[in-house]
Structure formats: C-alpha cells, structure tokens
Amino acid sequence: MTIVGIDLGTTNSLISIWGDEGPELIPNALGKTLTPSVVGVNDEGEILIGEAAKERLITHADQTIADFKRTMGSDRVVELGSYKFRPEELSAFVLRALKADAEQHLGQPVTDAIISVPAYFNDIQRKATIDAGKLAGLTVESLINEPTAAALAYGLNEVEDSQFLIFDLGGGTFDVSILDKYDNVMEVRATAGDNYLGGNDFRDAIAEMLISNHELDRANISHRAMNRLHRLAETIKEQLSSNGEARYAATIDEVEIEGSLNRDEFEELTSPLRRRLRIPMERAINDAILTPEKIENVILVGGASRMPMIRRMVGRLFHKLPLSHLNPDELIALGAAVQTGLKSRNAALEDVVMTDVCPYTLGTSAVVDDNFQNLVIVPIIERNSVVPISQSQSFYTIRNKQTQIHLDIYQGENMRPADNILLGDLNIDVPPAPAGDEGIDVRFTYDINGALEVEVTSLSTKKQVRKIFKNQANLSEEDLQQRFKALSDIKLHPRDQAENAALLARAERIYAESLRHQRDYVRTLILDFEQFISDPKNRDVASIRDAFSEALEELEGSLFDSE
Ligand code: ADP
Ligand code: MG
C-alpha cells in the first residue's frame, strides 16, 4: 500500500511519496509541485482548485476563497456561489485535487495519507484536519508536525548531530521547533508558534501602505479591489526579495496608483512583525532549557523565509548563517514523505527514530486553596512533553458525602479555566464519605494525532470511566458521513482541463487589471483560445496554449517594471 505525504498549507499544498530514491514530490495537472490552497466555484457550479481558483480571486472575488486554513477548527461557514462550506470541506477539495494528481502520477488509487499540521495546532484544529482527509476520501494514517517534517527532510542527510532550530514562516502561520539529533535519533525538544503570523501579514503591511499613501477610500473598498491590492502587494513583496526596489502602477477602484517601495522602507514598515517573530523563538529556547548560543544550526522553512530581512534577523539572533539550500516551500512535503517511509518500515530508514512533543498543556480544573474558592487549572501533561505520553494525578472530594466527582478537561497555558480551550468533561461516582476521604486517579494519555484519552479510577472502588476527547466545534461521525456524501455529489472542474482553466482565469484577471488597447488585445486572445479549444477537430492544443501563455507572460512583464 502506498501512503502519500501531504503538506496542506495555508498558501500552497503539496503531495509526495517515498520513492525508490527517497522522498519525491508529485506534480499537479499543471506540472507544478505547489498547488495554491485556493478554492472557487464557476458558473456551472463546478469546483475549481489551485492555480485557476487563485487567478479568480480578483475576477470572481465572491466565488473564490483562500487562506481558509486559518479558520480550521472553527465553525466559520463560507458561501461560495450557491454552496456553503465549512473549513474542513474547503480543505477537502484541496486534498481531493492532490489525491487525483497522485493517482494520475502513480497509476493507482491513493487512500492513505500522512498530513502535516503546524506544531502549534490545537486538538480541535488537528481533528478538523483529519476530518478534511475523511471528506476527501482519505484515511489519515497520522498527522506530523510541520517543523518535524522539515527536520526529517533535512536531518537525515544534511545536518550533523546537533541541536538545531527550525524557523518556519509560511503564508499564515509561524512555527518554531528545537530538535536534537544524535546518531539516528531525532528528538523534538520544544515547539512554539503563532497561528496568526505569516507572509500574508507582510503583504498586508504593503497593502495598508498603498491604501494610505494613495488615499484610497478604506471604508468603501470593494472585496474585489481588496484582493487586487493584495495581489499587487504580494508581487511587490516578492520582488523585494530579489531587488532593492519595486515599482508599481495599477488602477484600484478607478484610482490610478503609481509609485515604488524600496527594501529599507519595507523593512521599516514591517519591524513590528519582526518583533512578534521573536516571541515564539524565545519561548521555544526557554522551554528547551537552552540559550541561543547552544543552537548549532538554524533551518529556514516556508516561502516567507525567502525575505532577506528574515535571513538577516535569524543570522543576527543566532550568530550563524541559516541553512536554506533545500527549497523552503518543498521541505515539509519532502519530510512528510520520509515519514511515510518510516511508517511503512522502509529498509533505508530502518534505524531512524523520531520523537515529538505535545504543543499544549493538558489538564483539568480543580480547587486547590483551603477555602475551596478558586477553580484553577491543574496541569497533568505539560507542554513540550515527549509524546506519546501517559501521566496521572490524584484528586480528592471536597464535600462531605459527595457522591460524584466532575472533571472538565482543558488544553492551554492559562491559569484560569475560562481562558483555555475546554475539550469536554466527564463524571465518576464515588461512595459517600467525609470530604477528602474519597479520591480518584486521573490518567491522561496523549499522542501526536491530538487524541487525548482520559481514564479515571476511583481509588476505593477501582471503578473506571474512560473517554476519548474530541471537541464540540468538530463534526460528529454522522455529520461527516452526510457531508462526505454531499461533497461527493459536487463536481470538480475536470482535471484534464486544469491547464486551460488556469490560463483562461489568468487572462481574465489580466483583462480586469488592464485598460484600453491592452484590454482589446487580451479579449481577442481569450476569445480566440476559447474558440480553438471548443472545436474537437483541433488537436494540437498544447502548442496554441504555449503561444497563449507566452503572450500573457509578455503582458504581465509590462505591468510591473522593477530594477
Ligand atoms: P504555507 O505554508 O502557508 O502554505 P508557503 O511555505 O508556501 O506557505 O509560503 C507562502 C508564503 O511565502 C506567502 O506569504 C508568499 O508570499 C511567501 N513567499 C514565497 N516566495 C517568496 C519570496 N520570494 N519573497 C517573499 N515571500 C515569498
Ligand atoms: Mg507551510
């Protein structure tokens, strides 16, 4: 059985396998390894995924959605044309597209996957990811923390035995992990992160600058114009990774904007974001009981780590040049493939041992003060404990003749229960006795898939109550079944037309962005191409498509000039 590895990213997703030569990335229908995590619906009610959908963010803003990984684990439903989707369902569409790519590539059905998640994803978000897999018809063998996957990709061949730090700045999330590699063992020492900090925030800082510098009407800016601004800001941001200055010219909501931004200005603009990046790094280093000098290697992961200011900052903090010779946006998928190799006990990987940690503290609430006034969290498994882990603690009755003990189970770092995530509760009966005479043993068992099992035993009767915790915010088994059926009925835009769809969507976006004679030209290109592909007698679509693509390439080049 082939297990695939999947990096289900905020911005881009990838699929991989453990091949004869080691980890391999599988190309999508456009021949690319990165599939944008964007989903849209067209006028026929078909679902578009990836490149074509990404282009339509501007031309069909209300029928297209990106960045939904940020809402994983929530109940936020989005309307897409006549459909309504939960974040799990949107992710499922991306997974379905990747699955189809792998099936095409391997020539066999793909049913099992290992999916990477940010180390800092909580249990609700992890469960939502597993559900997304189910909705796409995949059995999720296990989840793997993204930095751990990145470490696996690098660690096997490229890093000597050492303590190293993984710095992963993607589009929407930031993750830090500290690992220890010795012999064939790779041990995660600590992880920390920020689920709301990524390359998008650097993009948004530029978009904000454009709005205020060009006095755009912020309050009334259209959805479409906002997506357009984001795209412009994205281009400027990426240009500044290779050039000292980026110039732009565009029309946003009828206002012509033109100007330039240089690297120094960009870095100035984003210094608050860089400050925020330091917080999880400090926490991870503290949790690992290390100091920055003890970190021997730093590995940069995530597309946003391509920004020169990030390399510089990391270099300064750790007094060494970070490693980045593997492609930062492909590392996690490569590592997920290594993990599939480990899972299927591949001979080449026989001796490799990988350990991971739990990202959050798990505990219950109890009163600990003498007058029974204050309910606080009692941690049972502390964050950054090596998993799988099983740990227990005893609790006693606080009232005379108390016949039941109630436990609320929480995840989080805060002292007061209400400030943490409630995973659920359970009750156990105890014989009536004077306060403090009856007690229970509470055992927490936790693994990397985010399943917490709680086993409570009465100390006197030995009676047991056991429960596996899932959160209310997640779908029930029944709901899942129902949605799986409903989703299976929704047609995806045919994979063999993906290239044409992406090209046409791109052309329509360029049309929307241009004016006058350029518009006339793009319209002619679009209509000619549509006519050509609509006639089944025309066979050599590929060469016409190449010509179309080249024409667009030339046009886009002239929209942005830089130096
Ligand atoms: P995710 O893990 O969120 O899917 P990726 O690792 O693919 O994300 O990184 C996507 C982010 O990387 C985006 O914010 C994108 O703008 C940014 N990015 C990619 N290439 C560059 C570049 N050359 N310069 C600056 N940012 C980049
Ligand atoms: Mg990523």
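Here are some notes:
- Among residues of region 93-139, those that are away from ligand 2 (no atom under 16 Å from the Cβ), under 18 Å from THR33 (Cα atoms) and in a helix (DSSP H, G or I), counted: 11
- Considering residues of region 519-559 that are of a type outside the set (D, E, K, R) and in a loop (DSSP other than H, G, I, E, B) only, the residue surrounded by the most Cβ atoms within 10 Å (Cβ to Cβ): ASN538
- Of the residues LYS485, LYS462, the single one that is modelled with pLDDT of 90 or more, in a loop (DSSP other than H, G, I, E, B) and of a type in the set (Lys, Arg) is LYS462.
- Within region 311-338, if we keep just the residues that are away from ligand 1 (no atom under 12 Å from the Cβ), in a helix (DSSP H, G or I) and not assigned by TED's automatic domain parsing to the domain that holds GLY5, the residue that is nearest to THR2 (Cα to Cα) turns out to be VAL314.
- The residues listed here are ASP131, ASP168, ASP101, ASP123; of these, the one that is of a type outside the set (Phe, Trp, Tyr) and outside the structural domain of VAL39 (by TED's automatic domain parsing) is ASP168.
- Every condition in (1) under 27 Å from the mean Cα position of the chain (by Cα); (2) of a type in the set (Asp, Glu); (3) crowded, with 16+ Cβ neighbours inside 10 Å holds for GLU282 except the one numbered (3).
- Residue count for region 393-414, restricted to those that are in a strand (DSSP E or B) and either loosely packed, with under 15 Cβ neighbours inside 10 Å or in contact with a helix residue (DSSP H, G or I) (Cβ under 8 Å, 6 or more places away or on another chain) (or both): 6
- Subset of region 224-258 that is surrounded by fewer than 15 Cβ atoms within 10 Å (Cβ to Cβ) and closer than 22 Å to THR11 by Cβ - its residue that is farthest from the chain's Cα centre (by Cα): ASN243
- Only listed residue being under 30 Å from ILE289 (Cα atoms) and surrounded by fewer than 20 Cβ atoms within 10 Å (Cβ to Cβ), chosen from PRO417, PRO359: PRO417
- Region 150-175, subset away from ligand 1 (no atom under 11 Å from the Cβ), under 16 Å from ALA333 (Cβ atoms) and outside any loop (DSSP other than H, G, I, E, B), residue modelled with the highest pLDDT: ILE166
- Selection count where residues are more than 24 Å from LYS127 (Cβ to Cβ) and more than 11 Å from ligand 2 (Cβ to nearest atom), scope region 5-39: 18
- Every residue from region 299-310 that is closer than 18 Å to GLU330 by Cβ and more than 9 Å from ligand 1 (Cβ to nearest atom): ILE299, LEU300
The values are calculated or read from the model by the stated rules, or taken from the named source; none is laboratory data. Since this is a predicted model, take the numbers as computed values, not measurements. Reconstructed Cβ throughout: ideal geometry from the backbone, glycine too, with neighbour counts over all protein chains shown.
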